[in-house]
Number of protein chains: 2
Amino acid sequence: MTDRVLIFDTTLRDGEQSPGATMTHAEKLEIAAMLDDMGVDIIEAGFPIASEGDFAAVAAIAKASRNATICGLSRANFKDIDRCWEAVKHAKKPRIHTFIGTSALHRAIPNLTMDQMAERIHDCVTHARNLCDDVQWSSMDATRTEWDFLKRTVEIAIKAGATTINIPDTVGYTAPVESADLIRRLIAEVEGAETVIFATHCHNDLGMATANSLAAVEGGARQIECTINGLGERAGNTALEEVVMALKVRADIMPYHSNVDSRKIMAISRRVATVSGFPVQFNKAIVGKNAFAHESGIHQDGMLKNAETFEIMRPTDVGLTETSLVMGKHSGRAALRSKLAELGFELADNQLADVFVRFKELADRKKEVFEEDLVALMRQNEAVEDRIRLKSLRVVCGTSGPQTADIVLDIDGTERTAHTTGDGPVDSAFNAVKALFDHKARLQLYQVHAVTEGTDAQATVTVRLEEDGRIATGQSADTDTVVASTKAYINALNRLIVRREKTAPDHDTKGVSYKDVGA
Amino acid sequence: MTDRVLIFDTTLRDGEQSPGATMTHAEKLEIAAMLDDMGVDIIEAGFPIASEGDFAAVAAIAKASRNATICGLSRANFKDIDRCWEAVKHAKKPRIHTFIGTSALHRAIPNLTMDQMAERIHDCVTHARNLCDDVQWSSMDATRTEWDFLKRTVEIAIKAGATTINIPDTVGYTAPVESADLIRRLIAEVEGAETVIFATHCHNDLGMATANSLAAVEGGARQIECTINGLGERAGNTALEEVVMALKVRADIMPYHSNVDSRKIMAISRRVATVSGFPVQFNKAIVGKNAFAHESGIHQDGMLKNAETFEIMRPTDVGLTETSLVMGKHSGRAALRSKLAELGFELADNQLADVFVRFKELADRKKEVFEEDLVALMRQNEAVEDRIRLKSLRVVCGTSGPQTADIVLDIDGTERTAHTTGDGPVDSAFNAVKALFDHKARLQLYQVHAVTEGTDAQATVTVRLEEDGRIATGQSADTDTVVASTKAYINALNRLIVRREKTAPDHDTKGVSYKDVGA
């Protein structure tokens, strides 16, 4: 058996499915490119039948793929599988992933007998295999499925042509010894086991997803399904960064390796946290801001002669560089271009001119401009075709309310003004936007964090709006928190309008979920 | 061997030690009372020699203890141990915990040979045991210590009278099979092993702390050391909520039990997140806001006939209740008192009068008042003896800066006013405070989150200030974000002043850390 463990990332499918983590089309493409670039073997790009948006994202990611296999999810029926194939077929290496819940609790949903389910699995995997050479079968809730039936479903899938067999711990129920034993027993007893790769897909409900995944590898699994930051429903999925680093740090007792370049972990972790609106807690393993002692800002104890005394990884192993003061108000255009190139942003001259103006504005307001400030500045630049733009805002707030906002918005090219009041500066500014552009969206999430330290730090604000089941997340950064909040709100609203126009509600609300197992 | 697993909580020691998580004296007492109340067996209350503050907290917690054993940490020297005993001796059940780093990397710090270290261990444990019947010995960095030497240190500690032997995975390096094997081998080969309880103390650097702790129990350990929310340095410690719930949910394969009342988990998790300023990520196992599907606000799929299909725990098992609309502007005093009593706040008449006024103010500004809003309101009430109080604030901000603030503060009973500008409303308000009360504190953390949903939500702001190594965290909630920010800043500053006055810098900065092993 090979010692290579395939990394299957499902940030864009299982991760994106978590309530509130919805990403835009452009964000999905960007994350997929980063995953491909860092050496992820298989990218599960979405659930094509779930919505037009999901289909378009999977198809676009397939077309743009370079080295990674692009996988789409489909329930166990021909319509799902056909739709999945239509999306992934554009990839250099396409994969169809089809599944059904095999435990007693899950069999009850479509109300199938064991025999009926067995027949369904045979037909669906055969159908998928007729479309695509690379077919993954998952017996959902495998860890709670009766052994005999689990064995039977896996054998049928292998006979029907599945090339990868996934054994999901759908509810985060298993423990390491059990996880290893299950895979070991399947490999020992299932007919045809030697012709396929076994995969492990763990959830973190009891906090053991990483250990369970690695135990499955010790049992013989050679594909780990995971997400960046452990994003996913409930307590999330196995965190990619944890399994990749554990394999690296403990190669002595776990002689397996992945193809992932761990130095790209921090960049994608930050990006996924930003676009999903799911912040990473300070004490998160590998990617939390406290995960490495040197990041805490507290100086190292003088007696520590050796960093290894308290660190088993070097910060650079995960792509963490020291926060560095990079620029100030006297920095020139060439310096900005070179620094941005270093951060991965290549700009044309006209783009640079625009960014330089905004950089100067920022440098005037903020004494020190850090790398993170530049990244925030660049991210703001990625505006969609906005119908609503903020021209000016003046807010008066304080202890003796009501708070008032005077706003000028450019809506479809026409300037409009409003004066409103509200409970607090943010509420009054949001009310001003509502007064000028009528909408019923509900604020689901409002979150502020300082990009860098100090009272003159830029504040990054995330706003998530929900309207008729459509969700859009907006972001903005500014040294003025109220301005950042208003821009983030407008950003979310612009995205919501795009969704509203593009799709009928029932297409976009993901009326179809992977929890529906009917045909 | 018993199937009872002792839960040893070190939120107040290893958790509080994480950079930025410093808690006040009152907060430590409150958390200790909650731990005692929920059935934690041993509470590690602090590191008495580290500072006057630590000593006072451990002593006060010891005096207030009811059922739990109260433990203090001490390095392996007589002075530390004596100081520890002075603090814990007030407890009904006191424990002295002493340790030294036994791995090669750690032996190099105090530059001791193996023989010298062995002698030190013997002397220190003997000394501790002469003071206290309950002595815990830790061979720090045990998982990276040579087997022969680890065995030797443990045997010496047992002979010298240690009653609990802790085997820490100080750097979060181990994996489940290795963790179980190490304990199993110690129990099999160490002379006197049957007379002591073995403890496991794991860190989460590779994301496996929970699995490693439970594996150690399978290997024979009967004490798990953990913290609420997995708080702790770097990636933190084993999370109490995860081990407690895993033992409960998987009693079929892990036939051990703890004495912790899991229904008290959510309340203490939220409280620790608040006082430490370490937020819990949405997808954190057990205590994240997404950990239970029903919390997401997304309605359950109609096809789900049975919650167990996707949930292995009931939300009520961890004390999670549905967010409920409780009060509005027409609610009366009796209703408020009764609701607050339900939330655990018993008020005297004069206190109620004060809270009622602030409740009415809030209800006027916010259409719906939720339980969380009331809790936030009550928390604000717990002001220390403040030297600085906010009388009024008016801030003008927006796109055409500079932002301005007009502030009136009551400082030591005298009203003073200032008009200042700044980069953003928060910066200008903070500058106004600085103009009236000179200080050099640096902003380390600025964090805003909405207590409830909706644009008129109260914003809770956390501000952490640092001055000469002293750290203070302040919090406040208000529908006006800028007001909440300013109050939080003033709250942090008041706490900093108390610290400044109480202690000389070298006492308060914890110049002594558990990483210093000399003496």
Inter-chain shielding metric for A:246-255, i.e. average beta-carbon neighbours from other chains within 10 angstrom, reads 3
Where does the Debye-calculated log10 I(q)/I(0) of region A:1-160 sit at q = 0.10, 0.11, 0.20 Å⁻¹, using only Cα point scatterers of equal weight, no solvent?
-0.36, -0.44, -1.24
Between A and B, buried accessible area summed over both sides at probe 1.4 Å, in Å² to the nearest 100?
8800 Å²
Tell me, what is the FRET efficiency for A:E30 and A:K289 to the nearest 0.05, using R0 = 35 angstrom and their Cβ-Cβ distance as r?
0.95
For the pairs A:K89/A:K440; B:K92/B:K159; A:K93/A:K284; B:K391/B:K440; A:K264/A:K339, flag any whose C-alpha to C-alpha distance is greater than 27 Å.
A:K89/A:K440; A:K93/A:K284
Using r as the Cβ-Cβ distance of A:H257 and B:A334, and R0 as 60 Å, what FRET efficiency do you calculate, to the nearest 0.05?
0.35
Cα-centre dipole for chain A with unit charges at Cβ (Lys and Arg positive, Asp and Glu negative), debye to 20:
680 debye
In deg cm²/dmol, rounded to 500, what helix-only [θ] at 222 nm does chain A give when every DSSP H run of at least 4 residues adds -39500 (n - 2.57) and the total is split over its residues?
-11500 deg cm²/dmol
Write down the Kirkwood hydrodynamic radius of region B:85-212, to one decimal in angstroms, obtained as one divided by the mean of 1/r over all alpha carbon pairs.
14.9 Å
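Net charge near A:M208: determine it from the other residues with C-beta under 12 Å of the C-beta of A:M208, scoring Lys and Arg +1 and Asp and Glu -1.
Result for the neighbourhood of A:M208: -4.
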May I ask which residue of B:A285, A:V275, B:V190 lies farthest towards the positive end of the charge dipole of the protein assembly as shown, with charges of +1 (Lys, Arg) and -1 (Asp, Glu) on Cβ and the Cα centre as origin?
A:V275
Counting only protein heavy atoms and a 1.4 Å probe, tell me what percentage of the protein assembly as shown's accessible area is made up of carbon and sulfur.
50 percent
Taking each residue in B:221-231, count the Cβ atoms of any other chain within 10 Å of its Cβ, then average. What number comes out?
1
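For B:L436 and B:K89 in one chain, what is 0.36 nm times their gap in residues minus the Cα-Cα distance, to one decimal in nm?
Roughly 120.4 nm would be gained on extension.
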Approximate spin-label separation B:D410-B:E189, in nm, with each point projected 7 Å along Cα-to-Cβ:
6.8 nm
Could you bin all the Cα-Cα distances of the protein assembly as shown into 20 Å bins starting at 0 and give me the percent of pairs in each, rounded to whole numbers?
13, 44, 36, 8, 0
All-pairs Cα distance distribution in region A:164-223, expressed in whole percent, bin size 10 Å:
28, 56, 15, 1
Convex hull over the alpha-carbon atoms of region A:194-264: what's its volume per residue in Å³?
91 Å³
By DSSP, what percent of the beta bridges with both residues in region A:82-171 are antiparallel, rounded to the nearest 5?
0 percent
For chain B, the spread of Cα positions along each principal axis, largest first, Å
71, 62, 45
For region B:1-82, average projected area of the Cα convex hull in nm²:
6.3 nm²
Are there residues in region B:481-495 whose accessible area shrinks by at least 40 Å² when all protein chains are included rather than the chain by itself, and which are they (probe 1.4 Å, ligands and nucleic acids not counted)?
B:T481
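Please report the orientation-averaged projected area of region A:245-293, defined via the convex hull of its C-alpha atoms, in nm². Show your work: numbers first, answer last.
On the way: hull surface 16.4 nm².
Averaged projected area of region A:245-293's Cα convex hull equals 4.1 nm².
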What does the accessible area of A:I81 come to, in Å² to the nearest 10, when a probe of 1.4 Å is used?
0 Å²
Leaving out ligands and nucleic acids, and using a 1.4 Å probe, what accessible area per residue does chain B come to in Å²?
36 Å²
Computed Rg/Rh for region A:35-94 (Cα atoms; Rh = Kirkwood radius) stands at 0.97
Karplus-derived HN-Hα couplings along region A:41-57 (A = 6.51, B = -1.76, C = 1.60, θ = phi - 60°), whole Hz, x at Gly and Pro
7, 10, 10, 7, 8, x, 10, x, 7, 4, 6, 4, x, 4, 4, 4, 5
Beta carbons within 10 angstrom, averaged per residue: use that to sort the peptides A:330-339, B:25-34, highest first.
B:25-34, A:330-339
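For A:E146 and A:D82, compute 0.36 nm times the residue count separating them, minus their Cα-Cα distance, and round to one decimal in nm.
Length gained, A:E146 through A:D82: 20.0 nm.
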Using only atoms on other chains, find how many Cβ atoms lie within 10 Å of each Cβ of peptide A:274-281 and report the average.
4
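The values are calculated or read from the model by the stated rules, or taken from the named source; none is laboratory data. Since we're looking at a predicted model, the values are computed, not measured. Here Cβ is always computed from backbone atoms with ideal geometry, including for glycine, and neighbour counts include all displayed protein chains. SASA here: full protein model, heavy atoms, side chains in, ligands and nucleic acids out. Shrake-Rupley method; radii C 1.70, N 1.55, O 1.52, S 1.80 Å.
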